[in-house]
1. Can you sort Lys140, Lys227 by solvent-accessible area, 1.4 Å probe, largest first?
2. Which of the listed residues, Ser226, Gly150, Gly75, is farthest toward the dipole's positive end in the chain, when Lys, Arg count +1 and Asp, Glu count -1 at the beta-carbon?
3. What angle, in degrees between 0 and 90 and rounded to the nearest 10, separates the Cα long axis of helix 245-255 from the longest principal axis of the Cα atoms of the chain?
4. So what is the calculated 222 nm ellipticity per residue for the chain, using -39500 (n - 2.57) for each DSSP H run with n of 4 or more, over all residues, to the nearest 500 deg cm²/dmol?
5. Could you tell me which of Ala245, Leu56, Ala119 has its Cα farthest along the dipole of the chain towards the positive end, charges placed at Cβ (Lys, Arg +1; Asp, Glu -1), taken about the Cα centre?
6. Pick from Ile197, Ile141, Ile42 the residue whose mean-square fluctuation is largest in a GNM of the chain, springs joining Cα atoms under 10 Å.
7. Once you charge only the Cβ atoms, +1 for Lys and Arg and -1 for Asp and Glu, what is the size of the charge dipole of region 172-257 about its Cα centre, to the nearest 20 debye?
8. Using the structure shown, select from Lys159/Lys200; Lys63/Lys227; Lys100/Lys167 the pairs with a Cα to Cα distance greater than 24 angstrom.
Amino acid sequence: MKAKITPDAAEAVTTSTALAAPAPAALANYNPDQYDDVSRDIEVPVLGLVNNVGPLAKQHKNKGGNFVLGDLLVGTSVQVVPIEVAKYFRETWRNGVEIKYGSPLDKERKVFSSAHDAAKAGYVVDFSGSATNRVEEGAKIGYLVLQPAGDQSGEFVYKAGSLLFAKARCSYTRNGFREVFRRVFDHANKLALVKGIETKGLNHNQLFNAAKPWTHLWTLTSVTASKGDNEWWEPRIAKGDPLPAEVIERITADYGA
């Protein structure tokens, strides 16, 4: 005779199943904090540069060389405070085929968080041009963008001392990587050395956070570059004046590791 399952027994089975611990393998690389962090649900706008082609060029006609914060045009130069960085490696060639901007492969371009991860997948950083599967160095920088003079957009709501900022993000490859990211990271590395921070074994983001290099305002500008008949705009960055102590203290309290 089959055992009868009572409503209480059925509830016990359901509860027991619901509370069963996940397999250890499922938790090995699981970090629940990332889903509870409120910043996960905040949309940080891109600090973009209007060029001669592309979506921004269509949205902001005849504004090449201007920076755009989300949809807000902020001018040909903008003052920023770099507050976070992350290096990555972007796929440029796959099976001997170059992945060009706007191509079908561009939409499925692979991105790796380290050269080791890229190598495991069969990709190399190759300046000789002989490898069939290649990646290039790139980096993301998180900024606090200083409110431009005369701005009344309401976008600049983060107050540090007497200054108002808006948070932004930007990605850099090729000349942007060399001319922007490396200058910002070099500043962080020098601060780390001055402070006596042990940098061995740290990745770029860890070193940056340890150095707390949000000490100065930086100015992003745009310059024209050309090759053959093609001409485009590229970003450049220069370190400017030191920030007031109260501004550094507020940024450190909110973004310091």
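The values are calculated or read from the model by the stated rules, or taken from the named source; none is laboratory data. These figures come from a predicted structure and were not determined experimentally. All Cβ positions, glycine included, derive from the backbone under ideal geometry; neighbour counts span all protein chains shown. When the accessible area is computed, the model is the full protein with side chains, heavy atoms only, and any ligands, DNA or RNA have been set aside. Shrake-Rupley method; radii C 1.70, N 1.55, O 1.52, S 1.80 Å.
1. Descending order: Lys227, Lys140.
2. Result: Ser226.
3. Result, in degrees: 30.
4. Details: 8 runs with 63 residues, N = 257.
That comes out to -6500 deg cm²/dmol.
5. Going by the Cα projections, it comes out as Ala119.
6. Of the options given, Ile42 has the highest mean-square fluctuation.
7. Working: 12 positive and 10 negative charges, 65 e Å.
In debye, rounded to 20, region 172-257 gives about 320.
8. Working: Lys159/Lys200 35 Å; Lys63/Lys227 21 Å; Lys100/Lys167 30 Å.
Going by Cα-Cα distance, Lys159/Lys200; Lys100/Lys167 fall outside the 24 Å limit.
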